[in-house]
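The values are calculated or read from the model by the stated rules, or taken from the named source; none is laboratory data. Computed from a prediction, not measured in an experiment: that's the story for all the values here. Every residue, glycine as well, gets a Cβ built from its backbone with ideal geometry; the counts of neighbours run over all protein chains shown. Remember, those area values only see protein heavy atoms, side chains included, never the ligands or the DNA or RNA. Shrake-Rupley method; radii C 1.70, N 1.55, O 1.52, S 1.80 Å.
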Amino acid sequence: MRTTLWKIVLSKKKQISVIEDIISSFSNDFMFREFYYLDQVSSTQDFALEITKSKGECFSPVVVISDIQTCGKGRKGKYWSSTEGGIWLSLILETALEPEKLFLFMMISALGVCETIEEETGLIPIIKWPNDVYINKRKTAGILLDVNTELGKIKDIVIGIGVNSNNELSHVVDDLAANNCDQKPVTTLKKELKQEILNSKFIGNLLLRMNRYLQEMDNMLFVESNIQNNYKKRILESNKHIVYAFKIGDYEFEGKIVDVAVDGSILVESPLAGKTLRISSVNEIL
Ligand code: BTN
């Protein structure tokens with residue numbers, strides 16, 4: 001193991017073998033150099049955001065993983081169930097990006113998760129706009145983005161990724177009920193595959209994909225269209241599996257997504273409304 005090149009913080013010695021498995025396939029151009037692997041934390045996202053407050057100038061991307069989150073955060077302030085067996089991680093990246101480009105990170109994260117699921121399990125996931133990963137009409141993974149901005153630019157970005165992999169489905173359902181959350185359909189990779197997956201292999205594969213996408217981002221023009229096209233393909237495919245419902249003010253309607261722009265806004269065709277609408281805010285999806 002190339003320990004001299006890496007900073008690794010573990011809460012238990014046994015976790016070293018998991019990290020070894022994760023980084024065993026990485027090459028020298030792998031950008032994630034700092035790993036925190038915790039048994040339990042309130043939220044890897046909050047832990048990562050704390051790290052961004054104290055970091056210095058010379059900063060390499062960081063990975064924070066935890067076996068359990070006691071207070072996992074979902075989008076729109078929702079609770080995210082994170083019992084043992086699932087994959088709960090946050091990535092810290094330093095950028096100097098215009099806020100309009102933020103959605104690119106949503107796209108690469110959702111694509112990275114879908115591609116890893118496909119390769120590791122053979123299951124076919126879809127992306128429900130903007131970035132929920134579904135298998136067989138049930139939510140399997142979710143992504144959360146937090147940013148620190150400075151002088152109108154994004155300074156740090158924290159990408160939180162939660163994958164229901166080997167966690168017990170019944171625990172997710174009980175945990176959501178205990179925390180008064182709406183019971184939307186959920187599933188786990190274990191439930192769909194009828195066997196456990198190797199979380200360390202999944203994380204290694206996911207980080208490799210994220211690394212590749214992030215490095216390609218140097219060639220912005222090509223990558224933007226490439227990422228956007230891959231993402232758009234999956235969103236258009238999702239129309240076949242998901243009924244999209246939106247709410248603008250008091251007006252609720254169902255519709256079909258017909259286009260996605262690079263900023264993540266969508267064009268929705270609504271037979272009920274009899275027109276096509278541009279929707280840019282995730283708050284407008286039900
Ligand atoms: C969603 O609502 O779909 C987003 C869920 C994101 C969950 C992940 S798990 C790792 C990271 N830490 C958190 O507290 N949340 C994100």
I'd like to check something: does the range 145-154 contain any residue that is out of contact with any Phe, Trp or Tyr (no Cβ under 8 Å at 6 or more places or on another chain) and within 15 Å of the ligand (Cβ to nearest atom)?
yes
By residue number, the members of the range 53-78 that are open to solvent by less than 50 Å² (accessible area, probe 1.4 Å), part of a strand (DSSP E or B), within 12 Å of the ligand (Cβ to nearest atom) and not polar (S, T, N, Q) are V63, V64, I65, D67, I68
Apart from one, (1) open to solvent by less than 10 Å² (accessible area, probe 1.4 Å); (2) free of Cβ contacts under 8 Å to residues at least 24 places away in the same chain; (3) of a type in the set (A, V, I, L, M, F, W, C) all hold for C114; the odd one out is (2)
Conditions (1) out of contact with any strand residue (DSSP E or B) (no Cβ under 8 Å at 6 or more places or on another chain); (2) of a type in the set (G, A, S); (3) part of a strand (DSSP E or B) -> G142 fails only (1)
Checking Y213, Y134 in turn, the sole residue that is hydroxyl-bearing (S, T, Y), crowded, with 18+ Cβ neighbours inside 10 Å and within 30 Å of A96 (Cβ to Cβ) turns out to be Y213
Conditions (1) more than 15 Å from the ligand (Cβ to nearest atom); (2) surrounded by fewer than 17 Cβ atoms within 10 Å (Cβ to Cβ) -> K191 fails only (2)
When the range 80-94 is checked residue by residue, the ones that are more than 9 Å from the ligand (Cβ to nearest atom), open to solvent by 10 Å² or more (accessible area, probe 1.4 Å) and at pLDDT 95 or above are T83, E84, G85
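Test of understanding: among E224, E269, which residue is of a type in the set (D, E, K, R), surrounded by fewer than 17 Cβ atoms within 10 Å (Cβ to Cβ) and at pLDDT 90 or above?
Working: E224 fails: at pLDDT 90 or above.
From the options E224, E269, the qualifying one is E269.
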